[in-house]
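Each remark here refers to the structure printed beneath this line.
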Amino acid sequence: MKSWASRLALVPVLLWAVATLCFFLLRALPGGPFDRERPAASREVEAALRARYHWDEPLGRQYLRYLGNLARGDLGPSLKYRNHSVNDLLGQTVPVSLSLGALAFAVAMGLGIPVGVFSALGRNRWADATASLLTLVGVCVPVFVLGPLLVLVFAVGLEWFPVALWGGWTRAVLPTLTLGLYFAARVARWMREGMLEVLQSPHVQAARARGLGEGAVILRHVLPVALVPVVSYTGPMLADLLTGSFVVENVFQIPGTGAFFVNSFFSRDYPLMMGLVLFYCLVLQVLSLITDLLLRWIDPRIGS
Amino acid sequence: MIGPSSSPGRLALERFLRDRMAVAGLVVLVLAALAAGIGPLLLGIDPDRAGDLALAPPGAAHWMGTDIHGRDLLARVLIGTRISLAVGAVGALVSLMIGVAWGVVAGAAGGRTDAWLMRVVDGLQALPTVVWVMLGMTLFEAGLAGRFAQRWPDALPVLRLAAMMICLGSVSWLTMARVIRAQTLVLRQRPFLLAATALGVPPVRWFLRHLLPNLSGVILVYLTLSVPSVVLYESFLSFLGLGVRPPQASLGSLIADGASQLNPIRVRWWLLVFPAGLMALLLAALNSVGAGLRAAFEPRRVDGLSA
């Protein structure tokens, strides 16, 4: 438990390091954030803009101001979406991305675990071969290939689902599948590996020797142990899920954080960019800590 | 199969050649590399030259059809494959150098150095790596590209590729560092390395002559496995428009072009299907070669964990 607590204590340190690095790297870039707009109407307007965003202060002071606001949870104003703060934009976009992510995660686990279990049990060679082939294809077809292909077949060709946008379950189907199937394939492979390894271990033989039914052996003695690789893969998977959501939100024009994040690179909206980087770091750290707790609960040997 | 000269490398090679999926993957890779390397020369069509025939479906004149500017898609796919594979290979090499250096230092030094180095790896692992690449590319575009563009405008696309290779390589070394450290920890307890240490072999020679040859299998396996992930990241960046810029093409940007032409009124499937299919095929080939190498070098391990 000690190392878990120390990891928890490291989260604010990590966020501080990320904030500092981003702040100075982005400030080191030549040109102000307003240069790309049409030439400022006048010197006064430019000065007023600089003053409004505290761009006229010494760098050290700006940094301290940013950290102070950050400590209070204020990520500052967006430069592109004037009149909106980064917090505002996060408040509007996070629920969308979160529901997309949660649905995709549910698909990944809900489809991946059963497929992995059944293909490992190998009762049916044909089903096992099919599952293996499908998961191999799933692993090799990245999100930015699968998304447009699904649109081509199911939205443009068959017209079963809308092409883009968000809201209502019909619009959610294709983005969820795009993001979820890729990870379902990976989860299935890990689950199958885990099962195959555990099925051969002595404690399973012992359980069988005691005359336990096959169902009980699998449910009580194999599954919990075989889940360990899947759960430990969950941490990196969530990071990849985040990456994938950038693409999926781009392909389906979903107004989530990923779409805003990618756009912030084109509009050089540095406060929004930084705010989202910090937000992603925080989310991933928290989720990886939760995964870690879960792992310790499943397998008490870890971390003791 | 154990002949008179059964070195570990030869045994691994024999195991690899018996793995049909891996050999098939290798064949696909060699063919793709040849096509990307000399294909554009043989084809003789300028991938950037706009033609009169825009959005033509595949036919005798243009085997994969043409894009919205009338450019030959086959020529663009070949040149895009070249860029994707080159970025993947060089990016993987960059990650190899960082990862091996980091892992060997951690494993050989041990103690507090090891603990700190590995803590950094843990910390980086829990950060969204691709976000760093996006930031790195932005820094390059906003900070350096302008200066280079004034002095050597022609070199800018090449410099952008180099920036991408470095960015991608510098975030993909974590697994390599972990594996190399673990292997170093095991190896340095072996008698021959203990003897080398006891004889006072200087560190560089200790590393080059005694440690590195015994790490080469692991390095080869994880180098192969990191190529597809770098290729994937490159295409991801180019898909979003943060990687290669037009008129340059990579498989990712071609897929993005194809995806942007998707509409219910006129289906231009070839713009999407050819680059997307090739991307999937390449990833499958790279992954199966990686899995085959891993199984060949670590025979005790259950194979298939490459995903």
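Taking the highest mean first, how do the peptides A:178-185, A:147-154 order by number of other beta carbon atoms within 10 angstrom per residue?
Taking the mean over residues of other Cβ atoms within 10 Å, the ranking is A:178-185, A:147-154.
Rounded if a/c is under 1.5, else prolate if a/b beats b/c, else oblate: with a ≥ b ≥ c from the C-alpha gyration tensor eigenvalues square-rooted, which is chain A?
Oblate, since a/c reaches 1.5 and b/c is not below a/b.
Take B:Arg181, A:Arg189, B:Arg188 and order them by how many other Cβ atoms sit within 10 Å, fewest up front.
So the residues, fewest neighbours to most, are B:Arg188, B:Arg181, A:Arg189.
What do you get for the angle between helix B:269-297 and the principal long axis of chain B? Use alpha-carbon atoms, 0 to 90 degrees, nearest ten.
10
With springs connecting C-alpha atoms under 10 Å apart, model chain A as a Gaussian network and identify which of A:Val231, A:Val137, A:Val115 has the largest mean-square fluctuation.
A:Val137
Quick one: net charge around B:Ala106, please, counting Lys, Arg +1 and Asp, Glu -1 for every other residue with C-beta under 13 Å from its C-beta.
That sum, taken over residues with Cβ under 13 Å, equals +3.
Can you work out ³J(HN,Hα) from phi for every residue in the range B:151-159, in order, using Karplus 6.51 cos²θ - 1.76 cosθ + 1.60 and θ = phi - 60°, giving whole Hz and x for Gly and Pro?
With coefficients 6.51, -1.76 and 1.60, one gets 7, 10, x, 6, 7, 4, x, 5, 5 Hz.
Could you tell me which of rounded, prolate or oblate describes the protein assembly as shown, using a ≥ b ≥ c as the square roots of the eigenvalues of the alpha-carbon gyration tensor, with rounded for a/c under 1.5 and, failing that, prolate when a/b is larger than b/c and oblate otherwise?
Judged from the Cα gyration tensor, the protein assembly as shown comes out rounded (a/c under 1.5).
When Cβ neighbours within 10 Å are restricted to other protein chains, what is their mean count per residue of peptide A:74-81?
Taking all residues of A:74-81 together, the mean is 0.
Would you kindly derive the ³J(HN,Hα) couplings of the range B:132-143 from the backbone phi angles with the Karplus curve 6.51 cos²θ - 1.76 cosθ + 1.60 (θ = phi - 60°), listing them in order in whole Hz, with x for Gly and Pro?
Ordered by residue, 3J(HN,Hα) equals 5, 5, 4, 5, x, 5, 5, 4, 5, 4, 7, x Hz.
Could you pull out every residue, at least 5 positions away or on a different chain, whose amide H is within less than 5 Å of the one on A:Ser85? Hs are placed 1.01 Å off N in the peptide plane, and Pro or chain starts have none.
Distant-sequence amide H within range of A:Ser85: A:Ser78.
Using Cα atoms only, what is the angle between the long axis of helix A:125-140 and the major principal axis of chain A, expressed in degrees (0 to 90) to the nearest 10?
10
So what is the relative contact order for the range A:181-245, in percent, with contacts set as C-alpha pairs under 8 Å and at least six apart?
Contact order relative to length: 44 percent.
With springs only between Cα atoms under 10 Å apart, run a GNM on chain B and tell me which of B:Val23, B:Val289, B:Val87 wobbles the most.
B:Val23
Under the Karplus relation 6.51 cos²θ - 1.76 cosθ + 1.60, θ = phi - 60°, what is the ordered set of whole-Hz ³J(HN,Hα) values for the range A:250-257, x standing for Gly and Pro?
6, 5, 9, 6, 8, x, x, 4
What is the range B:136-261's relative contact order, in percent, from Cα pairs under 8 angstrom and six or more apart in sequence?
Reported as a whole number, the value is 25 percent.
First select every other residue whose beta carbon is under 14 angstrom from the beta carbon of B:Ser226; then total the charges, Lys and Arg +1, Asp and Glu -1.
That works out to +1.
Go ahead and estimate [θ] at 222 nm for chain B from helices alone: -39,500 (n - 2.57) per DSSP H run with n ≥ 4, summed, over the residue count, rounded to 500.
-23000 deg cm²/dmol
How crowded by other chains is A:256-264, given as the mean number of beta carbons from other chains within 10 Å of each beta carbon?
1
Show that you can apply the helix-only estimate: for chain A, add -39,500 (n - 2.57) for every DSSP H stretch of four or more residues, divide by all residues, and state [θ] at 222 nm to the nearest 500.
Helix-only estimate at 222 nm: -24500 deg cm²/dmol.
What is the sum of charges, Lys and Arg at +1 and Asp and Glu at -1, for the other residues whose Cβ falls under 15 Å from the Cβ of B:Ile166?
Its environment carries a net charge of -1.
Using a 10 Å cut-off on Cβ to Cβ distances, tally the other chain neighbours for every residue of B:286-295 and report the average as a whole number.
Average per residue, whole number: 1.
How would you rank A:74-80, B:53-59, highest first, on the average number of other Cβ atoms within 10 Å across their residues?
Answer by packing, highest mean first, reads A:74-80, B:53-59.
How high is the relative contact order of chain B, given as a whole-number percent (alpha carbon pairs under 8 Å, six or more residues apart)?
26
Mind checking which of B:Trp132, B:Trp206, B:Trp269 has the largest fluctuation in a GNM of chain B, springs on alpha carbons under 10 Å?
Ranking B:Trp132, B:Trp206, B:Trp269 by mean-square fluctuation puts B:Trp206 first.
At a Förster distance of 45 Å, what's the computed FRET efficiency of B:Trp152 paired with A:Arg65, Cβ-Cβ distance as r, to 0.05?
0.70
Does the range B:138-288 classify as rounded, prolate or oblate by the C-alpha gyration tensor (a ≥ b ≥ c root eigenvalues; a/c under 1.5 gives rounded; else a/b over b/c gives prolate, otherwise oblate)?
In terms of gyration-tensor shape, oblate.
All of the numbers you see were taken from the coordinates with simple rules; none came from a lab. All values derive from a computational prediction rather than experimental measurement. With ideal geometry, Cβ positions are generated from the backbone for all residues, glycine too; neighbour counts draw on all protein chains shown.
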